[in-house]
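J.: Have a look at the structure that comes next, please.
The values are calculated or read from the model by the stated rules, or taken from the named source; none is laboratory data. Keep in mind that what you see is a predicted model, and the values were worked out from it rather than measured. Positions of Cβ are backbone-derived with ideal geometry, glycine not excepted, and every protein chain shown enters the neighbour counts. Each accessible area value is taken on the protein alone, full model and side chains, heavy atoms only, with ligands, DNA and RNA left out. Shrake-Rupley method; radii C 1.70, N 1.55, O 1.52, S 1.80 Å.
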Amino acid sequence: MGVLTSHAIHFTLNLRWEDLPASVQHQAKRCLMDTLGAMFAGSQTPAAGIMREMAIEQFGGNQATIMVNGQRVSAAGAALANGFSGNALDIDDGYRNVKGHPGACALAPVLAAAELAGGCTGAEFLTALVVAYELGIRAGVIRHATYAVYHSSGSWGAIAGAAAAGRLVGLTKGQIFHAMGAAEYHAPIAPMMKGIDTPAMGKDSIGWGCMVAVLSAIMARDGFTGIRPLFDDAPDRAWVENLGRQWEILNLYFKPYAACRWGQPAVAGALNIVRDNHLTPDQIRHIRVRTFEAATRLPHGHPRNTEEAQYSLAFPVAAALMDGEVGPGQVLPPRLHDPSQLALLDKVSTEVAPEFEAEFPAKAPAEVVVETTTGEIYRSGRIEALWEPPHTLPSDGDLEAKFLWLTGPIIGKLKANHLIEKIWSADQWTSIDPIITGCRAVTV
């Protein structure tokens, strides 16, 4: 076992809630709230519905819970279904340098493993969540540094999920090694740009990665051996050596809109222009978005489904200008196909801005130029997505409002508010029952 992998495993097994800085403890609760909200809302999408029925049919059991639905299935089945829900609306947190989503990769396997193990306290649950975030971000950085092709979040998130799940189910140091190795070997090595060029329900391969994470931990518990995990492949040793000293969970971005992060600067820029100049959609002749090359590859046509609506640049801009928000109500039918919204979408064009291309992926900027029907030209100037570190991160109140927006229509506002209160004191829970019992839809 290499030194860096050994260090990652030591971090996995020996991190304690009481040793975490207060800022990290608080961020863990913010991340739990935000990712749980994304999972609840994502459960209403067609993709999540298909995978929920798949889990019930193919992964039967009584080990863990499918969120919102409440159905009990195997731990792997719950991780699969909840993993798909967590990223189904693309409104979950992200980390810029991995171009992906550590939170959705972390929460589903940690939830499933906590239920499988039984007796998991809130503090232990949150600590495992921090482990998954910290390892996942580093695994993603290493993956992208050692592979030429941009791979999706499930490819590296599975490794971290296996470690965190392994911690919860009581794996030894050697078993954690094999769990991470099995997860790396069996994780979905999905070419991300193909999923952007042709949007489909596989999204960021997070659901499959979550399933692989839980199965890998269980396999290692039962004696299955895995390859040497990727941590010793790190081109820069500091990426791994700083575990427990540098907390990357503090450097996440959050998402106010249900859309690909690459399109969110354009949404913010367009909204700023129309608000500052009191424009209405019928006064707009053309919207030009200057941005980095990868964002211009987001499809421009009329979306046929939820996935195409999210993996678009033009659609969320049009939806935001029509409704003032981009959430479940915009990217799900019937609003998805509204003719007036699609007519505004047709007025959006994109182009590569060399200065913004040079900044990507560390930054993902855009500039929006709006031309009115009377010939006025308005420019947003260089703009980045909202809720980005270090200067525009959401307040606790912002995240609470987002949680209510996403979950209130599903579990009811009273229940959603109660769950918010519970999450802020999650480290005091004697079990994770507040999540399990608080997740049921009002119609269930």
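J.: How about segment 292-311: which of its residues are touching a residue at least 60 places away in the same chain (Cβ under 8 Å), under 24 Å from Pro361 (Cα atoms) and part of a loop (DSSP other than H, G, I, E, B)?
T.: Matches in segment 292-311: Phe292, Arg297, Leu298, Pro299, Tyr311.
J.: Can you tell me which residue in segment 142-159 is surrounded by the fewest Cβ atoms within 10 Å (Cβ to Cβ), limited to those that are under 16 Å from Arg228 (Cβ atoms) and touching a Gly at 6+ places or on another chain (Cβ under 6 Å)?
T.: Among those residues, the one meeting the criterion is Trp156.
J.: Based on this model, can you work out whether Asn62 counts as without any contact (Cβ under 8 Å) to a residue 40 or more places away in the chain, outside any helix (DSSP H, G or I) and out of contact with any Phe, Trp or Tyr (no Cβ under 9 Å at 6 or more places or on another chain)?
T.: yes
J.: State the number of residues belonging to segment 346-380 that are open to solvent by 60 Å² or more (accessible area, probe 1.4 Å), within 30 Å of His151 (Cβ to Cβ) and not in a loop (DSSP other than H, G, I, E, B).
T.: 5
J.: Residues in segment 405-428: is at least one farther than 24 Å from Pro256 by Cβ, surrounded by fewer than 16 Cβ atoms within 10 Å (Cβ to Cβ), modelled with pLDDT of 95 or more and over 26 Å from the mean Cα position of the chain (by Cα)?
T.: Checking segment 405-428: not a single residue is farther than 24 Å from Pro256 by Cβ, surrounded by fewer than 16 Cβ atoms within 10 Å (Cβ to Cβ), modelled with pLDDT of 95 or more and over 26 Å from the mean Cα position of the chain (by Cα).
J.: Select the helices (runs of 4 or more DSSP H) contained entirely in segment 169-236, then report the ones holding at least 1 residues which are open to solvent by 40 Å² or more (accessible area, probe 1.4 Å) and at pLDDT 95 or above.
T.: 173-186, 206-221
J.: List the residue pairs whose Cβ atoms are under 9 Å apart, where the first residue sits in segment 242-254 and is without any contact (Cβ under 8 Å) to a residue 24 or more places away in the chain, the second is open to solvent by 30 Å² or more (accessible area, probe 1.4 Å), and the two are 6 or more positions apart or on different chains.
T.: Partner pairs satisfying both residue conditions: Gln246/Ala238.
J.: Could I ask something else about it? Return yes or no: is Ala309 out of contact with any Lys or Arg (no Cβ under 6 Å at 6 or more places or on another chain) and either charged (D, E, K, R) or crowded, with 17+ Cβ neighbours inside 10 Å (or both)? I'd like the intermediate steps shown before the answer.
T.: Details: out of contact with any Lys or Arg (no Cβ under 6 Å at 6 or more places or on another chain): yes; either charged (D, E, K, R) or crowded, with 17+ Cβ neighbours inside 10 Å (or both): yes.
Yes.
J.: Given (1) surrounded by fewer than 24 Cβ atoms within 10 Å (Cβ to Cβ); (2) in contact with a Cys (Cβ under 6 Å, 6 or more places away or on another chain), where does Trp17 come up short, assuming only one miss?
T.: Here Trp17 meets the rest and fails (2).
J.: Restricted to segment 277-306, and to residues that are open to solvent by 50 Å² or more (accessible area, probe 1.4 Å) and closer than 18 Å to Thr373 by Cβ, which residue is nearest to the chain's Cα centre (by Cα)?
T.: Out of the qualifying residues, it is Arg288.
J.: Still on this structure: Would you point out the residue of segment 96-122, among those that are at pLDDT below 95 and within 13 Å of the chain's Cα centre (by Cα), that is surrounded by the most Cβ atoms within 10 Å (Cβ to Cβ)?
T.: Restricting to residues being at pLDDT below 95 and within 13 Å of the chain's Cα centre (by Cα), the top hit is Gly100.
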